[in-house]
Amino acid sequence: MNILLLHTPVFLVVWSSWLMVRGNDTEFHENTQRISSGLIQCGEYSNQALPNGKCRIMATLPQLDEQRCPDMFRCTDEVSYWLHENEERKQQILDLKETISELQEELRNHRHRIKVLELQVSRRMQNEERNSLNSSLEHRFRELEQHYAEANTLLHIHGSLVYDLQAQIHNLSMTVEKVRRDPGCMINIVRGPLISPQKALHPEIQHVRNCPIDCASIYYNGVRRTGIYTVVPSMGGLPVEVFCDMETEGGGWTMIQRRQDGSVNFNRSWKEYKEGFGDMHTEFWLGNDYIHDISSQGDYSLRIDLEDWNNKHKHALYESFSIEEEANHYRLHVNGFSGTVEDSFSWYHNKRSFSTPDTGNICAEISHGGWWYHQCFFSNLNGVYYKGGRYSAKGKNLLGPDGIVWYAWKDSDYYSMKKVSMMIRPRTFRPRLSP
């Protein structure tokens, strides 16, 4: 920046490369004449743009007498003042340019909106003209669109059916392959003997089937070792893995439930109780669908084994046991009690529907399990596992008892069993001394 101080009247000339105010030679001569003629008063300024992009700013300063300012370098206050004024003008110019830029951007946006509106109006007018001229074609087009939508819906439905059929074929293929590979269940569909469903239910006929229908038929086939096996229920069921107890009271028991260490949470949904959950080696629920398929094959008995935290063991035996299909909420049928413990199951829960916490049954919700509840229970073998046995509603902040309860054991709802198991086998089962 160059500064030039002149004699009376004093001019301040500032050269700046960043001020972009444009001017011309005519304006420069006019400003010079105004300064020489005294039209510009002391303290005023003017500016001029030069061709090289710089801007010359000229300002008049008050006339100083020799006594007041004998030396020009003592007049720095006045120079500083005008330099400060110059900087403020520069900032004002920058602010003005920024405002102009914003206004220009807003103007462009308004022009764009106007063009969009004009285009929309034009299209609307064209559409109105087209509708008025081609109303019949438009009506036909809508009809075709409706037919297309209906055809598309039918195509989607057909696609879903094809997908379901493919999934069923895949599952069936896997089932056949699994059954084929299982050495304990070899099916010969072509040459296999045709046995009527009525004859197949007879206990002496069951064991000659190619596929065992339960643990009793596995026992009849000569397998006498407790363990996990695959069975195929005769009532149209799919193969399922089951735990077979081949020791208790002669063996042949198909276990449908077991609790022993609290490793599995039994506070489950309807779907989980339907399909089964847990680990066959520790704690599990076989699944209501499978329990129905197996117990509906004939006349089955139920055995419930219980053990407390003092290692005391008792059992309950029911001569008849079955549950209905899902459509009837797996309604329970159990009677013919005997055993070494008082009955807390059949007399109160017989003919009750199965329910889980997610079905809206208040007893299932506060008992935290799936069971055949009835205002609410005298037995709750799928309840919460409490180590040590004793618990209280106050201590656990519960709405009511929710443990693994067999009421007659302690005449209390607040004692939870250490081990329980439920297993079924044909009522006519007779153990054999040799394979």
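The values are calculated or read from the model by the stated rules, or taken from the named source; none is laboratory data. From a predicted model like this one, the values you see are computed outputs, not experimental measurements. For neighbour counting, all protein chains shown are included, and Cβ atoms are generated from backbone atoms with ideal geometry for every residue, glycine included. Keep in mind that these areas ignore ligands, DNA and RNA; they rest on the heavy atoms of the full protein, side chains included. Shrake-Rupley method; radii C 1.70, N 1.55, O 1.52, S 1.80 Å.
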Filtering segment 378-429 down to residues that are among the charged types (D, E, K, R) and touching a helix residue (DSSP H, G or I) at 6+ places or on another chain (Cβ under 8 Å), which residue is modelled with the highest pLDDT? Arg425
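Being open to solvent by 10 Å² or more (accessible area, probe 1.4 Å) and either under 26 Å from the mean Cα position of the chain (by Cα) or hydrophobic (A, V, I, L, M, F, W, C) (or both) is the filter here; which residues of segment 287-316 pass it?
Here is the first cut: in segment 287-316, the ones open to solvent by 10 Å² or more (accessible area, probe 1.4 Å) are 289-290, 292-293, 296, 298-299, 301, 303, 305, 307, 309-315.
If the condition is that a residue be open to solvent by 10 Å² or more (accessible area, probe 1.4 Å) and either under 26 Å from the mean Cα position of the chain (by Cα) or hydrophobic (A, V, I, L, M, F, W, C) (or both), then Trp309 is the only one that fits.
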Restricting attention to segment 230-237, does a residue exist that is hydroxyl-bearing (Ser, Thr, Tyr), open to solvent by 10 Å² or more (accessible area, probe 1.4 Å), part of a strand (DSSP E or B) and at pLDDT below 95? yes
Could you tell me whether Phe354 is touching a residue at least 40 places away in the same chain (Cβ under 8 Å), crowded, with 18+ Cβ neighbours inside 10 Å and closer than 17 Å to Ser269 by Cα? yes
Exactly one of (1) of a type outside the set (D, E, K, R); (2) more than 39 Å from the chain's Cα centre (by Cα); (3) open to solvent by 80 Å² or more (accessible area, probe 1.4 Å) is unmet by Tyr148. Its number? (2)
Taking the conditions exactly as written (in contact with a Ser or Thr (Cβ under 6 Å, 6 or more places away or on another chain) and surrounded by 15 or more Cβ atoms within 10 Å (Cβ to Cβ)), does Glu319 satisfy them or not? yes
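Yes or no, residue by residue, for (1) farther than 17 Å from Met417 by Cα; (2) open to solvent by 60 Å² or more (accessible area, probe 1.4 Å):
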position	(1), (2)
Ala327	yes, yes
Arg331	yes, yes
Asn361	yes, no
Ala364	yes, no
Asn382	no, no
Looking at (1) buried (at least 20 other Cβ atoms within 10 Å of the Cβ); (2) within 20 Å of Asn267 (Cβ to Cβ), which is the one condition that is false for Leu399? (1)
Residues within segment 241-261 that are closer than 21 Å to Leu381 by Cβ and either crowded, with 17+ Cβ neighbours inside 10 Å or of a type in the set (Val, Ile, Thr) (or both), tallied: 12
Please identify the pairs in which a residue from segment 403-425 that is open to solvent by 20 Å² or more (accessible area, probe 1.4 Å) has its Cβ atom under 7 Å from the Cβ atom of a residue that is of a type in the set (Lys, Arg), counting only partners at least 6 apart or on another chain. Tyr414/Arg390; Lys419/Arg259
